[in-house]
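Remarks on the structure that follows.
The values are calculated or read from the model by the stated rules, or taken from the named source; none is laboratory data. Just so you know, these numbers come straight off a predicted model, no measurement behind them. No Cβ is skipped: glycine too gets one built from the backbone with ideal geometry, and neighbour counts run over all protein chains shown.
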Amino acid sequence: MAASYSRLLAEDSLLAVEADDGDLLYFSCSPASCAAPSRRPPPLLLPLLAGGGSAHSLTVPCSERVPAAQLHAALRRALDAERGLGRPLPLFSLQPRERGFLLLQPGRSKAAQERRLRPLLAAHLPYLRVCGYELSCGDRVWQCPWGADGARRLVQKAEVDPAVHPAVSTLRREAVFGCWKEAQRVLRECIPFIPEARGVLELWDKCPKYPQKGNFPVIVVEGLDATGKTTLTQSLKESMRAVLLKSPPACINQWRKIFDNEPTLIRRAFYALGNYIVASEIAAQSTKSPVIVDRYWHSTAAYAIATEISGGLHNLPVHHHEVYQWPEDLLKPDLVVLLTLSHEERVRRLQSRGIEKTKEEAELEMNVRFREKVEELYKRMENPGCIPVDASPPREAVIENVLHLIENHCLI
Ligand SMILES: Nc1ncnc2c1ncn2[C@@H]1O[C@H](COP(=O)(O)OP(=O)(O)OP(=O)(O)O)[C@@H](O)[C@H]1O
Ligand SMILES: Nc1ccn([C@H]2C[C@H](O)[C@@H](COP(=O)(O)O)O2)c(=O)n1
């Protein structure tokens, strides 16, 4: 499979479009200037163009991470606000790796679609790769880059395996940071347009950089929303006479909403650095008493990966992938408990609680695939892994079970 795609890439550009069910459809096109067009008709474009419709792809080259993430988000907002261009489908270009959108419009000519696009893209055009698509000889689709001069382009051959989701290779760079320096770098670049980033960094500057755990046990509780983390962590705090901490910590919580509205790169850098700030609190407190932590790195990684990797469980990075490994520079807990609950019972608890839902909580309820991915990702985390605990029994029983687990693991 990979080999045949490699051959195609010598002449074509390979694109992946996110379909309605979140899975990916791969297709290749020939640049209009190439002498030999691809014999592989793109399954999405062919019927659309044959029926008199039009298509454009817009991708963002991502050499500079923060500006590329911002441009991608601005583009999404502009396209969402513009009626009459069709729904923008998420698009990945596999060579070079870029992300953007595909606009499909049945019954509208390429020229008409282009007329609507030009003013919308005017400000962004120098930083975008825009291509229209044309049908010729019945079953051949040509990719026509805007501004092409007709010369044959040299397209480098690349080893690409379309069996791997295109976002997997960008996770480390854009969503799951492997060390505090990476998260800090991203937030530093944000200071000019997100003043709150300076606030987070100033707090981080005051923290010790590689804090060590004290002699008391450190227990993390993870799980989807409404699985009972707050209930359990409060009880553990009381029964173990422990200190209860949360990630993100209270000192940066005031800025959480702001970062939640930023692109993935910036949002995840905020949560990542939040974990490192909590780590310094864990280190200090665990010299004096047991410490219970409500969410920590496993949540940051699991939600980031589940958001970035569209489609089903089969698209997730393989077991033991580097994104599942605990960052070497982050203080490790003694035990991570994962509360598991059936979807029905969790929704029942969410409804009985009845408080305002965050966007991601609402998505969890709506999107079974997303919930499945987060749960599966928690289970794939390593070094330390999560120990699943059934959260469906009555509160007292769950607490009792977790106390036993702590006794066995932490020898207290
Ligand atoms: N074992 C249990 N049996 C029945 N109900 C429970 C149990 N544990 C918690 N609940 C109830 O379920 C709801 C969600 O619990 P809780 O707030 O502790 O979850 P959470 O994981 O902290 O949620 P979030 O992450 O959204 O803050 C609450 O109304 C709580 O009282
Ligand atoms: N350490 C953390 C804590 C939280 N998050 C993100 C993941 C979800 O988007 C959301 C869930 O938090 P809650 O609604 O339970 O407060 O926050 C994270 O990435 N890292």
Report task. Working carefully through the options PRO263, PRO333, PRO248, find the one that is farther than 20 Å from VAL221 by Cα and of a type outside the set (Val, Ile, Thr). Result -> PRO263
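Kindly indicate whether THR287 is of a type in the set (Val, Ile, Thr) and touching a Ser or Thr at 6+ places or on another chain (Cβ under 8 Å).
no
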Requested in this report: Kindly check whether there is at least one residue in segment 227-236 that is touching a Ser or Thr at 6+ places or on another chain (Cβ under 8 Å), surrounded by 18 or more Cβ atoms within 10 Å (Cβ to Cβ) and not aromatic (Phe, Trp, Tyr).
Outcome: yes
Query raised in the report: Of GLY223, GLY199, GLY178, which residue is more than 16 Å from ligand 1 (Cβ to nearest atom), modelled with pLDDT of 95 or more and within 18 Å of the chain's Cα centre (by Cα)?
Result: GLY178
Query raised in the report: Between a first residue in segment 297-320 that is of a type in the set (Gly, Ala, Ser) and a second residue that is near ligand 2 (Cβ under 8 Å from one of its atoms), which pairs have beta carbons less than 6 Å apart while being 6 or more apart in sequence or on different chains?
Result: ALA304/ARG268
Query raised in the report: Can you spot a residue in segment 246-269 that is buried (at least 21 other Cβ atoms within 10 Å of the Cβ), within 16 Å of ligand 1 (Cβ to nearest atom) and not in a loop (DSSP other than H, G, I, E, B)?
Result: no
Report task. Check ILE277, ILE292 and return the single one that is of a type outside the set (S, T, N, Q), part of a helix (DSSP H, G or I) and assigned by TED's automatic domain parsing to the domain that holds VAL368. Result -> ILE277
Query raised in the report: Taking VAL243, is it within 11 Å of ligand 2 (Cβ to nearest atom) and farther than 28 Å from GLU64 by Cβ?
Result: no
